Amino acid sequence: AQALGEAAALVRGDLSPTQVCSQIEAWQRRAERAAEHALPAAAEQVRSMSAEQINHLEKRQADKLQEAQAEHLQADLAERREAVLKRQLDRAERLYGSLEEPQRQLLAAGLAASPYDPERWLAERRARTVDLLRQLRQWQAEQADSATVQAGLRRLAAEVAQSPRPAYQAHARRVQQANCELVARLHNSTSATQRQRAAARLQDWQNDLRALADSR
């Protein structure tokens, strides 16, 4: 909630790519702290999984990969670009409200120039899924203790944040830098009304989180 309040203050003015990247990295660190806090309970849940449950998870993951391929890897490049633009427009307009045509064109041009490669992204997802399922089956076969499973889950979580594959690490860094630059350019093109709407939306989310915390 505090972080959302800080973001609400930031969006009232211009943003630099460095500020955008700093915000992304701060949220990643919060996610890492949350994952660390959840490790003991998650490890016990994993240790209780049966072979049937792991097989079910494998099928669900295969279905999700198929859905991701259909959503991100359209055979026609124009359709693929249109789908990417639609996803990003939806996200931007959820925050700022309707974008003006020049802003839509700015977003479209930035996305077209992005180094993001959906084939690489999907291959990385597949590799992570294979690693997860292999690890789950190994733990089950060995009846691994809680400390072993916690250490393994910590490694898997760290690899979500930073791939162990150097080529994908470099790709992810290029994509994040391009995203930070595009977000800053789009934000700096917004009107005072759009920025006020973004600040109000962030404050609404902040209030929701505070209400949830107070209800505990």
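The values are calculated or read from the model by the stated rules, or taken from the named source; none is laboratory data. The model shown is predicted, which means the values in this text are computed figures rather than measured ones. Virtual Cβ from ideal backbone geometry, glycine too; neighbours counted across all protein chains shown. When the accessible area is computed, the model is the full protein with side chains, heavy atoms only, and any ligands, DNA or RNA have been set aside. Shrake-Rupley method; radii C 1.70, N 1.55, O 1.52, S 1.80 Å.
Quick notes
- Residue that is of a type outside the set (Phe, Trp, Tyr) and at pLDDT 95 or above, where the choices are 28, 19: 19
- Among residues of segment 93-107 that are small (Gly, Ala, Ser), those with a beta-carbon under 8 Å from a residue that is open to solvent by 50 Å² or more (accessible area, probe 1.4 Å) and part of a helix (DSSP H, G or I) at least six positions away or on a different chain give the pairs 97/193; 97/197.
- Matching residues in segment 172-195 - criterion: being β-branched (Val, Ile, Thr) and surrounded by fewer than 18 Cβ atoms within 10 Å (Cβ to Cβ): 175, 193
- Within segment 166-216, being among the aliphatic types (A, V, I, L, M) and more than 27 Å from residue 2 (Cβ to Cβ) holds for 167, 170, 172, 175, 178.
- Matching option when the condition is in a helix (DSSP H, G or I) and open to solvent by less than 30 Å² (accessible area, probe 1.4 Å), among 157, 198, 147: 198
- Out of 141, 151, 113, 109, sole residue that is within 30 Å of residue 184 (Cα to Cα), out of contact with any helix residue (DSSP H, G or I) (no Cβ under 8 Å at 6 or more places or on another chain) and of a type in the set (A, V, I, L, M): 109
- Residue that is farthest from residue 186 (Cα to Cα) [pool: residues in segment 20-42 that are open to solvent by 70 Å² or more (accessible area, probe 1.4 Å) and touching a residue at least 12 places away in the same chain (Cβ under 8 Å)]: 36
- Hey, residue 1 open to solvent by 50 Å² or more (accessible area, probe 1.4 Å), small (Gly, Ala, Ser) and closer than 28 Å to residue 161 by Cβ or not: no
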